[in-house]
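Below is one structure, written out as structure tokens; comments come after it.
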Amino acid sequence: MQKPELRARVQAGLNKGEARNDLARAVFFNRLGEVRDRSFENQSYRVSGLNLVVAAIILWNTIHLEEAIAEVRKRRTVPDEYLSYLSPLGWEHIGLTGDYIWRIRS
């Protein structure tokens, strides 16, 4: 409590965790916030699918943030400390409605 630097680091870590949870919640609630599968196995698949979709969104955002940073750096200097304010956890630009269908190919 008495070390402002430590408090700021802890708060930043908590914010990142909450942002990831908010993304997962946004993906989940477009399915009306319900896991309708009856068997534990199917519920497990549903949760794994949720984690995969969240990871795919984060990867997509990371790749495009890197490209955007490289493009901006071609024109001007961007201090590295500014990059700590960027996050790949946004989803406003991604359509979250619909079903995600996983087909097994043999």
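Where a number appears in this text, it was derived from the coordinates with a stated rule and is not lab data. Since this is a predicted model, take the numbers as computed values, not measurements. All Cβ positions, even for glycine, are placed from backbone atoms using ideal geometry, and neighbour counts span all protein chains on display.
Give me the net charge for the shell around residue 73: Cβ to Cβ below 15 angstrom, other residues only, Lys and Arg +1, Asp and Glu -1. Walk me through the intermediate numbers first.
Details: positive: 74, 75, 76; negative: 66, 67, 71, 80, 81.
Combined, the nearby Lys, Arg, Asp and Glu give -2.
By count of other Cβ within 10 Å, fewest leading, how are 63, 58, 69 ordered?
Numbers: 63 11, 58 17, 69 14.
Ascending Cβ contact count within 10 Å gives the list 63, 69, 58.
For residue 72 and residue 97, FRET efficiency with R0 = 25 Å and r from the beta-carbon atoms, rounded to 0.05? Before the final figure, lay out each step's value.
On the way: r = 32 Å, r/R0 = 1.26.
The computed FRET efficiency comes out at 0.20.
How large is ³J(HN,Hα) for each residue in the stretch 67-84, as worked out from phi by the Karplus curve 6.51 cos²θ - 1.76 cosθ + 1.60 (θ = phi - 60°), to whole Hz, x for Gly and Pro?
Result, rounded to whole Hz: 5, 5, 5, 4, 5, 5, 5, 5, 9, 8, 7, 10, x, 4, 5, 5, 5, 5.
Would you mind classifying the stretch 4-85 by shape? Square roots of the alpha carbon gyration tensor eigenvalues, ordered a ≥ b ≥ c; an a/c under 1.5 is rounded, otherwise it is prolate if a/b is larger than b/c and oblate if not.
Taking the square roots of the gyration eigenvalues as a ≥ b ≥ c, the stretch 4-85 is oblate.
Taking the Cβ of residue 17 as the centre, find all other residues whose Cβ is under 15 Å away and add up their charges (Lys, Arg: +1; Asp, Glu: -1). Before the final figure, lay out each step's value.
Numbers: positive: 9, 16, 20, 25; negative: 18, 22.
Counting the neighbours of residue 17, the net charge comes to +2.
Once label points are set 7 Å from the Cα along Cα→Cβ at both residue 64 and residue 86, what is their separation, rounded to one decimal in nm?
1.3 nm
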